[in-house]
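Asks: One structure, pasted below without further comment.
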Amino acid sequence: MRTRILIIAIALDFLAFTSACCQDSTFDLQQLLKEKKLITHGQNIIPITDGGRKAISQIGIAWIKDVTFSEGTIEVDLRGRDVLQKSFIGIVFHATDTSEYDIVYFRPFNFLSTDPVRRIHAVQYATHPEFPWYRLREEKNGIYEKAVTPAPSPQDWFHARIVIKGSDINVYVNNSPTPSLTVQKLNNRKSGKIGISNEGLEGEFANLVIKK
């Protein structure tokens, strides 16, 4: 009898664990900031409210404490700046630290550019330290950066959905059924830290959801 009860208890624990690990995780970034669960490297993060969005504004990389990511879907609302070469905003994943990570990021100042070359530099995949953007542009031009379709206003919020399955990465913008960017990972890392990244002027993030 005791053995049967123990088996049932183990099975229930396993089912509870399986259910928990497979659920979507929605992150209130302001709450994470309040609880000191956004790990930064000295940069300032400011909570802001814009309409119905409870967002944060930041520069640099902020890791989500105690969260690792292997494959699944990352969704987030972002707002960068329409200032040439001053806004690079996105998601870092499969990271070891700030020197070794994968990143998908956007250049909002290129979203609606009339220059066709700039326009195809709107969304970028890169991996550090092996293949930063400038090496990819020099050696594999036009493969790891593309135009964003549909193109959002460079000054407005937009929604990004990044789907990672094995070595496949697809990036969708504003619920488009067609990915703006489809690439293959350029390293063998399969898991690691995940965070938000913004370089240049301040950028905003809200409504982060991770589906494992």
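The values are calculated or read from the model by the stated rules, or taken from the named source; none is laboratory data. What you see is a predicted model; the values in this text were computed from it and never measured. Cβ atoms come from the backbone with ideal geometry, glycine included; neighbour counts cover every protein chain shown.
Asks: Hey, any hits in segment 169-183 for a residue that's on the phi > 0 side of the Ramachandran plot and modelled with pLDDT under 95?
Replies: Within segment 169-183, one or more residues are on the phi > 0 side of the Ramachandran plot and modelled with pLDDT under 95.
Asks: Grab the strands (runs of 3 or more DSSP E) fully contained in segment 37-101, keeping just those with 3 or more residues being over 13 Å from the mean Cα position of the chain (by Cα), surrounded by 17 or more Cβ atoms within 10 Å (Cβ to Cβ) and not hydroxyl-bearing (Ser, Thr, Tyr).
Replies: Answer list for segment 37-101: 53-69.
Asks: So which pairs qualify, if the first residue must be in segment 82-104 and β-branched (Val, Ile, Thr), the second must be at pLDDT below 95, the Cβ gap must be under 7 Å, and the two must be at least 6 apart or on different chains?
Replies: Taking only residues 6 or more apart or on different chains, the pairs are 98/41.
Asks: Can you pull out every residue in segment 80-114 that is of a type in the set (Lys, Arg), touching a Pro at 6+ places or on another chain (Cβ under 8 Å) and closer than 17 Å to residue 150 by Cβ?
Replies: Of everything in segment 80-114, nothing turns out to be of a type in the set (Lys, Arg), touching a Pro at 6+ places or on another chain (Cβ under 8 Å) and closer than 17 Å to residue 150 by Cβ.
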